[in-house]
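A short write-up of the structure that comes next.
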Amino acid sequence: MSIFSMQGPGRRYTTAAVIVAALQTTVLGYVIESRASILRGGADALLKTAPVDPRDFLRGDYVVLNYDISSVPVVSIVGGVPQEQGQKSLWVRLKPGDGGFYGIAESSFERLPELPGTVVLHSRPFYSYGPTSADHIRVEYGIERYYVPEGQGTALEKARQDGDVSIAIRVASDGTPQIRSLLVDGKPAYEEPLY
């Protein structure tokens, strides 16, 4: 007897299981392809990492990354900080600077237009308290962790303490960044595969 000739509840459970499996496969495929499409066709930028307490640098098999661009100067915000409190996100324009590293050129709570020679990152949502006396706004971009091959974290931690770690990213047109590679002293240490 095939499953297609089943009657009653057995057939409904089988149909439901097939539908759930198809949905899970579709969602997983979408997540993987979204990441891969950024790596294939996004705009390139090189980011300098900011110092991190070495005790927090490695947790398990991923590296915690901090960037200079994670602290957005309030004076760089075009149009100022909105008066109302609530969930907000920033659009941050980066342009190349010293050593080829990208830095903040301007930022806005509204989408910034594309300009040649620059990339625009869209921050993760954060809670804004409205205008304050703070000089900087701390943001995250979703690239604050980099997973390393198992057992190689210690060598990377030593390299981080001895030299400079930088991150090459690709940025999608919607401002979503994706880590392309991790560099130690300017040389690729880990490349991110498409799939």
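Which one of these is surrounded by fewer than 20 Cβ atoms within 10 Å (Cβ to Cβ), over 19 Å from GLU106 (Cβ atoms) and at pLDDT below 75: ALA155, ALA168?
Details: ALA168 fails: at pLDDT below 75.
Selected residue: ALA155, the only one of ALA155, ALA168 that is surrounded by fewer than 20 Cβ atoms within 10 Å (Cβ to Cβ), over 19 Å from GLU106 (Cβ atoms) and at pLDDT below 75.
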message: Among the residues in region 97-118, are any in the same structural domain as THR49 (by TED's automatic domain parsing), charged (D, E, K, R) and touching an Asp or Glu at 6+ places or on another chain (Cβ under 6 Å)?
response: no
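Would you call SER76 modelled with pLDDT of 85 or more and either within 23 Å of the chain's Cα centre (by Cα) or in the same structural domain as LEU121 (by TED's automatic domain parsing) (or both)? Outline the logic, then answer.
On the way: modelled with pLDDT of 85 or more: yes; either within 23 Å of the chain's Cα centre (by Cα) or in the same structural domain as LEU121 (by TED's automatic domain parsing) (or both): yes.
Against the criterion (modelled with pLDDT of 85 or more and either within 23 Å of the chain's Cα centre (by Cα) or in the same structural domain as LEU121 (by TED's automatic domain parsing) (or both)), SER76 qualifies.
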Residue that is under 22 Å from GLY42 (Cα atoms) and either crowded, with 18+ Cβ neighbours inside 10 Å or at pLDDT 95 or above (or both), where the choices are GLU114, GLU106: GLU106
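The values are calculated or read from the model by the stated rules, or taken from the named source; none is laboratory data. From a predicted model like this one, the values you see are computed outputs, not experimental measurements. Positions of Cβ are backbone-derived with ideal geometry, glycine not excepted, and every protein chain shown enters the neighbour counts.
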